[in-house]
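K.L.:
Got a structure for you, questions after.
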Amino acid sequence: MNKVNTSRFKDKAFRRLGMVVTVSCLLILAVFVGFVLYMGLDRLSWEFLMSLPSRFADQSGIYTAWIGSIWVLVLTTLISFPLGVGAGIYLEEYGKKNKLATFLEINIANLAGVPSIIYGLLGLEVFVRIMQMGNSILAGALTLALLILPIIIVSTRESLRAVPSSIRDASNALGASKWQTIWNQVLPASFGGILTGVILALSRAVGETAPLIVVGALAYVPFAPRGPLDEFTVLPIQIFNWVSRPQHEFVINAAAAIIVLLLITFVMNGIAVYLRNRWQSKMKW
Amino acid sequence: MESETQNPNPKASKVETKPKMDSKDQSFKLQANNVDVFYGDFQAIKNISLDILERSITAFIGPSGCGKSTFLRLFNRMNDYIDGFHMEGEISLDKQDIYDPSIKVEELRKTVGMVFQKPNPFPKSIYENVAYGLRIQGIKDEDFIEKRVVESLKQATLFSEIKDDLDKQALALSGGQQQRLCIARALAVKPSVLLMDEPTSALDPISSGKIEDLVHELKKNYTIVIVTHNMQQAGRVSDNTAFLYMGELIEYGDTQKIFTNPEKDRTQNYITGRFG
Amino acid sequence: MRVKEKIIEKVLAACALVTVLTTLGIILILAVEAFVFFQDVSILEFLTSTQWTPLFTEKNYGILPLLSGTALTTLIAITVALPVGLTIAVYLNEYAHERVRKVLKPMLEILAVVPTVVYGFFALMIVTPFLKTFIPGLAGFNALSPGIVMGIMIIPFVSSLSEDALSSVPNSLRQASFGMGSTKFQTAFRVMVPAASSGIIVSAILAISRAIGETMIVAIAAGQQPRFTFDPTVPIETITAYIVQVSMGDVPYGSIAYKTIFAAGITLFIFTFILNNISYWIKTKYQEKYE
């Protein structure tokens, strides 16, 4: 084979390789998901969703877990949404290009890379011990809110940046104050993008396990929580607990709970992608 | 040319800043006095003084980067947002210094409206675009707002084309219509000055013609300052013309005179298309 | 009016300040608790002892076993994620048709949204039994299986960051290479990848940082036996898994076991902090180059 033929061969071979590798990754995912469905789908029932945890695998359900997850999700949203969007607006619209801004930017990039379990340690010390919230939903939600804050801030800033400056100019030139311009023009125009980022961040929070274990979410909670200061568990912790059991029946329970967790995660991501596409097509000026 | 740039005292070479006045007694609406503008270390405007007559059309011309847009945006303080912006000298509106700390920028901009290079309607309905300036002033009276919207659209000669589509998205309009909408939007807050930053540069010739007619019409009630790189346009619409070059005011005066018999060689060269 | 504007700005600034407080909080609590820990345990023992048995009667506080466990799983994960992620990035960016790309890319992103506890389940229930069929000596808990699964999880991370780096290379470079008669393969690996190298390095560093901090996969499938070894077939424990292990139990506040999780935490934080800053530094330098 001469040189030209060799390089042609390499070219073709790599195209094949790339295709095979990419598709293999998707196949592995399909196998994983298929396995979970095969294992857990039969266990999934109304009863499973509405039952309290039990020592007996076949009587156990995920009622306390998903109620706990919803509590955590709602509180996390209430805390992280205003904080993250507010910080994003400040950094993008008010921030000046100085050393402080650079520091804040590096700081946020750093926070985004801090392992989630470290946030757990922060929450354990600050919320559980110092603020004496105990192993409560509120302590867990605050911890997760801090964890996803960098994601929300970054996506908020990107969405704000996508609004053309001509819109800001037009509003300012009509005598609008800075905040009037942001509130009446910039935020409505960027809201789709901001919302997408928030939902993606929340879908991450729903699947988080480690930080909640560290702040003391329990593996076994006999009753569904009634308020933000109650003890709690969440779906991922319930799954972790069941996976760690030697009995096969509990592992089946874990598979069934995973189906529910995956469904929640995929639906949230689906909504986010849908919103993003709709927003992007609307954002064409 | 040589003598100009090498003059040791720049003030001495100050260009004649009073345009030849008509017999009617118009007063000066806008005045700039020894204005310097810096962006960081870069000096964008070099010691410009110039007075603008009430209810007249003044054109700023000059090659791109000469500072004409920067200069225009001083009159409604739109440069304030730019990083590193710094100004010296004085700019006044109706004899009042608009850079005085007691001046509220928002109030100033209600008096000095602006139309931009590229039509920039809000992604809202036509009606809401025009109503926006009133709503942010806290006006709630819907009848009043509607009256003003219609009136402004009529003034901008757009109403007849879109009177049935007031709820339609403004972004669905054609470029020329969008620009007239932007003019209507600026007029709705009843300014007395209208700044126009190359308002036709993004438009086709027919739409440009409509805007020029409109500008001419608006002169009856408004003081208009228009930045343009289109020499013919400046000649057609303006009463007075200022020629800027590299941040300096080279020549300012009656448009007819600037175009037919300029005092400075550089103006002559630019107008006849030898550079720029 | 002006007062309202000022108040709003202050409130927004306070929101931004939360991020600074978070960083300060993390550094402060880790430092304080670790300081208290090192009152009881000598730093020398912490850094050199090869035994980590704080929960046993005979206590040893050597971080090395946890470090080796973390290093081992991270190494396996990167060995999987880097070549695969890079191959996918080059394939999608240089070879795949726009239509194919638009379908495959979001599908790959799904890999990144699956919760880690689910990946832990996959590692324990699918990958370990599968690997056992050709590695008979493989223990039920081991470093290999969670390492591989962790690698799969961070593939989209590597591929999308590398792809961003590749697509930010000016198209003129690609044209120039084609113009000289290069094939796509030559263009990709002799022109595009070197030109995008800093971005690709950033993606690799961030992937390593991710793998070091990953918790649930190793907590579920790697075992809970701190062991100073680089044998991927036996049970080990990572720093993160140790913190989970202690947190699952009932550890009284102020006890030495309680303090160990902060000592482990600060070790973890230092590694990821350094990696994140290196990547940030490279990224800013690299952005300057192309703007």
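K.L.:
Looking at the range A:150-159, which of its residues are over 14 Å from the mean Cα position of the chain (by Cα) and away from every other protein chain (no Cβ under 12 Å)?
P.N.:
A:Glu158, A:Ser159
K.L.:
Considering only the range A:133-188, state which residues are assigned to a helix (DSSP H, G or I), among the aliphatic types (A, V, I, L, M) and open to solvent by 10 Å² or more (accessible area, probe 1.4 Å).
P.N.:
A:Leu138, A:Leu142, A:Leu146, A:Ile151, A:Val154, A:Leu187
Conditions tested, residue by residue: (1) more than 28 Å from C:Val158 (Cβ to Cβ); (2) in contact with a strand residue (DSSP E or B) (Cβ under 6 Å, 6 or more places away or on another chain); (3) outside the structural domain of C:Ile239 (by TED's automatic domain parsing); (4) modelled with pLDDT under 90.
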{"residue": "C:Ile29", "(1), (2), (3), (4)": "yes, no, yes, no"}
{"residue": "C:Leu55", "(1), (2), (3), (4)": "yes, no, yes, yes"}
{"residue": "C:Ser68", "(1), (2), (3), (4)": "no, no, no, no"}
{"residue": "C:Thr79", "(1), (2), (3), (4)": "no, no, no, no"}
{"residue": "C:Gly85", "(1), (2), (3), (4)": "no, no, no, no"}
{"residue": "C:Leu108", "(1), (2), (3), (4)": "no, no, no, no"}
{"residue": "C:Tyr119", "(1), (2), (3), (4)": "no, no, no, no"}
{"residue": "C:Phe122", "(1), (2), (3), (4)": "no, no, no, no"}
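K.L.:
Restricting attention to the range C:83-104, does a residue exist that is surrounded by fewer than 20 Cβ atoms within 10 Å (Cβ to Cβ) and under 24 Å from C:Pro232 (Cα atoms)?
P.N.:
Scanning the range C:83-104, I find at least one residue that is surrounded by fewer than 20 Cβ atoms within 10 Å (Cβ to Cβ) and under 24 Å from C:Pro232 (Cα atoms), so the answer is yes.
Residues are listed down the side, and each one gets a yes or a no for (1) open to solvent by less than 20 Å² (accessible area, probe 1.4 Å); (2) among the acidic types (Asp, Glu); (3) modelled with pLDDT of 90 or more; (4) part of a loop (DSSP other than H, G, I, E, B):
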position	(1), (2), (3), (4)
A:Val206	yes, no, yes, no
A:Val221	yes, no, no, yes
A:Pro225	yes, no, no, yes
A:Pro228	no, no, yes, yes
A:Thr233	yes, no, yes, yes
A:Ile239	yes, no, yes, no
A:Pro246	no, no, no, yes
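K.L.:
Shifting gears a bit: Quick one: A:Ser7 ticks every box in (1) surrounded by fewer than 15 Cβ atoms within 10 Å (Cβ to Cβ); (2) within 8 Å of chain C (Cβ to nearest Cβ) bar one, so which box is it?
P.N.:
(1)
K.L.:
Which residue is farthest from A:Ala189 (Cα to Cα), if the candidates are limited to the range B:138-172 and must be open to solvent by less than 20 Å² (accessible area, probe 1.4 Å) and either touching a strand residue (DSSP E or B) at 6+ places or on another chain (Cβ under 8 Å) or within 13 Å of chain A (Cβ to nearest Cβ) (or both)?
P.N.:
Only one residue tops the list, namely B:Ser152.
K.L.:
Let me ask something additional. Could you check, for the range A:45-56, whether at least one of its residues is in contact with a helix residue (DSSP H, G or I) (Cβ under 8 Å, 6 or more places away or on another chain), without any contact (Cβ under 8 Å) to a residue 60 or more places away in the chain, within 10 Å of chain C (Cβ to nearest Cβ) and surrounded by fewer than 17 Cβ atoms within 10 Å (Cβ to Cβ)?
P.N.:
No, there is no match, as no residue in the range A:45-56 is in contact with a helix residue (DSSP H, G or I) (Cβ under 8 Å, 6 or more places away or on another chain), without any contact (Cβ under 8 Å) to a residue 60 or more places away in the chain, within 10 Å of chain C (Cβ to nearest Cβ) and surrounded by fewer than 17 Cβ atoms within 10 Å (Cβ to Cβ).
K.L.:
Quick one: which of C:Ile261, C:Ile212, C:Ile270, C:Ile239 is aliphatic (A, V, I, L, M) and either outside the structural domain of C:Asp164 (by TED's automatic domain parsing) or over 21 Å from A:Glu208 (Cβ atoms) (or both)?
P.N.:
C:Ile270
K.L.:
Also, quick follow-up: State whether the residues of the range B:116-137 include one that is acidic (Asp, Glu), in a helix (DSSP H, G or I) and open to solvent by 30 Å² or more (accessible area, probe 1.4 Å).
P.N.:
Checking the range B:116-137: at least one residue is acidic (Asp, Glu), in a helix (DSSP H, G or I) and open to solvent by 30 Å² or more (accessible area, probe 1.4 Å).
K.L.:
Here's a follow-up. Within the range B:32-64, track down each residue that is touching a residue at least 24 places away in the same chain (Cβ under 8 Å) and either within 14 Å of chain A (Cβ to nearest Cβ) or part of a loop (DSSP other than H, G, I, E, B) (or both).
P.N.:
Result: B:Tyr39, B:Gly40, B:Glu54, B:Arg55, B:Ser56, B:Gly62, B:Pro63, B:Ser64.
K.L.:
Give me the helices (runs of 4 or more DSSP H) completely within the range C:79-174, filtered to those with at least 2 residues that are in contact (Cβ under 8 Å) with a residue 40 or more places away in the chain and either closer than 25 Å to C:Thr215 by Cβ or touching a His at 6+ places or on another chain (Cβ under 6 Å) (or both), ordered by residue number.
P.N.:
C:98-113, C:116-122, C:144-167
The values are calculated or read from the model by the stated rules, or taken from the named source; none is laboratory data. All figures in this text were calculated on a predicted structure; none of them were measured in a lab. For neighbour counting, all protein chains shown are included, and Cβ atoms are generated from backbone atoms with ideal geometry for every residue, glycine included. Heads up: the accessible areas ignore ligands, DNA and RNA and are worked out on the full protein's heavy atoms, side chains in. Shrake-Rupley method; radii C 1.70, N 1.55, O 1.52, S 1.80 Å.
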